[in-house]
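Enquirer: Sharing a structure, written as structure tokens. Questions coming.
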């Protein structure tokens with residue numbers, strides 16, 4: 001009995017041992033399988049993955065004429081499985097830049113394959129030895145051959161890379177810019193009956209260093225010698241410039257034909273610039289000659305000035321807080337000291353006027369006695385007074401050099417030039433000077449017109465007009481012609 005029990009126990013142990021060994025073997029096999037599976041490479045192919053994106057690794061680059069860029073890369077967003085080819089699409093002429101590989105060989109078609117994710121190239125900006133200005137060339141991608149890849153149309157981020165659809169190349173011109181010629185103003189208008197010619201100023205970017213010339217061509221609906229007079233020959237004005245000049249004026253005198261034939265347009269275009277010049281962007285001045293004849297009647301309205309004042313000194317000078325709003329004169333002068341500078345303001349009430357119907361607006365000023373040496377005060381040089389349109393926020397009894405209103409445009413709305421200073425030796429019959437401010441009146445929309453009167457250097461001699469405080473009918477006035 002003891003022997004039998006012992007055998008039975010041995011059999012149980014043996015069976016359990018076999019089961020344990022079998023389980024251990026199965027576990028080892030499973031572990032081996034897991035390890036084996038983890039070492040297998042995860043693969044994908046062109047049938048199971050989205051196509052790769054093709055683009056530039058940068059979006060812009062700057063280079064100077066005659067120099068080469070750093071290395072530029074164009075590539076795909078992920079691994080591809082076959083060769084592809086593509087070309088650069090250059091927006092400008094091919095003689096402006098040269099595209100090469102890193103060894104300096106010209107590149108036409110680029111290729112990428114399974115073992116090459118980027119293509120590198122270099123751009124050299126060709127030096128044309130003449131100034132043509134800074135410019136920009138855009139480069140895209142085209143003529144893609146191969147499957148599994150597409151050219152992007154917008155910025156793409158993938159696998160930590162940013163791909164751009166185009167490359168912008170900014171080229172800096174290394175030559176010295178020539179002198180640029182421009183019109184100071186692009187447009188203006190003048191009444192056909194104006195006795196004062198319209199002046200167009202042509203300006204240079206800097207003074208010329210030697211004699212040269214350029215031409216201004218006239219065109220448009222205005223007919224020479226019928227609608228205007230000028231110095232043009234066969235519709236061309238030749239401007240000869242001497243060393244040191246920075247600008248030149250062109251005069252156009254409108255002709256009043258007393259016919260109802262509508263407004264006429266005259267275009268003055270800078271052409272045929274000489275050596276050392278370049279024609280600037282502002283190369284056309286459009287002058288509208290306004291027909292002042294009408295089938296309907298016109299009315300003449302006189303507006304006496306509502307406010308006027310003069311003051312002395314430039315802002316911050318010793319006498320800059322003085323006000324002369326109660327004086328019966330208006331004075332303009334310019335000396336060689338800041339506290340010897342005089343100018344005056346006028347203001348007119350236009351609240352009852354439809355400015356769109358105004359065909360003419362003339363400020364009339366009556367001259368007052370001046371110093372006896374006024375005629376020779378400017379050394380024989382002409383004296384020019386300028387009129388500027390200003391803001392309306394000023395008061396007659398408080399305006400000074402330190403609180404004067406803003407000038408709305410640095411270009412004068414009117415000028416008056418005399419060979420002598422304005423003066424009168426005849427108190428009974430003083431001269432009256434007129435300033436055409438039609439353009440300024442037409443710009444007013446708030447019913448108030450404010451004007452500033454200044455003058456060139458007068459060697460401290462004074463140009464004097466009567467103010468609204470003067471006796472009689474010599475106050476400043478605005479003469480309006482209104483279309484009915």
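Bear in mind that the values in this text are calculations on the coordinates, not laboratory data. None of these values were measured; they are calculated from a predicted model. For neighbour counting, all protein chains shown are included, and Cβ atoms are generated from backbone atoms with ideal geometry for every residue, glycine included.
Enquirer: Rank-order 250-262, 102-114 by packing density, defined as the average count of other C-beta atoms within 10 Å over each peptide's residues, highest first.
Expert: My ranking of the peptides, most packed first, is 250-262, 102-114.
Enquirer: Follow-up question, since we're still on this one. Run the numbers for residue 429 and residue 79: contour at 0.36 nm per residue of separation, minus the present Cα-Cα distance, in nm.
Expert: Full extension from residue 429 to residue 79 adds 116.2 nm.
Enquirer: FRET efficiency for residue 127 and residue 456, Cβ-Cβ distance as r, R0 = 45 Å, nearest 0.05?
Expert: With R0 = 45 Å, the Cβ-Cβ based efficiency is 0.40.
Enquirer: For the residue pair residue 106 and residue 142, what label-to-label distance in nm results when each label sits 7 Å from Cα along the Cα-to-beta-carbon direction?
Expert: Calculated label separation equals 1.8 nm.
Enquirer: Ok, one more. Place the peptides 275-283, 304-312 in order of packing, highest mean first, counting for every residue the other Cβ atoms within 10 Å and averaging per peptide.
Expert: Order by mean packing, descending: 304-312, 275-283.
Enquirer: Further question on the same structure: So how do 170-178, 51-59 stack up, highest first, on mean other-Cβ count within 10 Å?
Expert: Top to bottom by mean Cβ count within 10 Å: 51-59, 170-178.
Enquirer: Need the full-extension length gain, residue 269 to residue 448, defined as separation in residues times 0.36 nm minus the C-alpha distance. One decimal, nm.
Expert: 60.8 nm is the gain from fully extending residue 269 to residue 448.
Enquirer: Additional query: How high is the FRET efficiency from residue 91 to residue 185, r the C-beta distance, R0 35 Å, rounded to 0.05?
Expert: So the FRET efficiency works out to roughly 0.50.
Enquirer: Something else now. Pull out the extension gain between residue 157 and residue 328, defined as 0.36 nm times the separation in residues minus the alpha carbon to alpha carbon distance; nm, one decimal.
Expert: Between residue 157 and residue 328, full extension yields 53.8 nm more.
Enquirer: At R0 = 30 Å, how high is the FRET efficiency between residue 211 and residue 336 if r is their beta carbon distance? Nearest 0.05 is fine.
Expert: Computed FRET efficiency for residue 211 and residue 336: 0.35.
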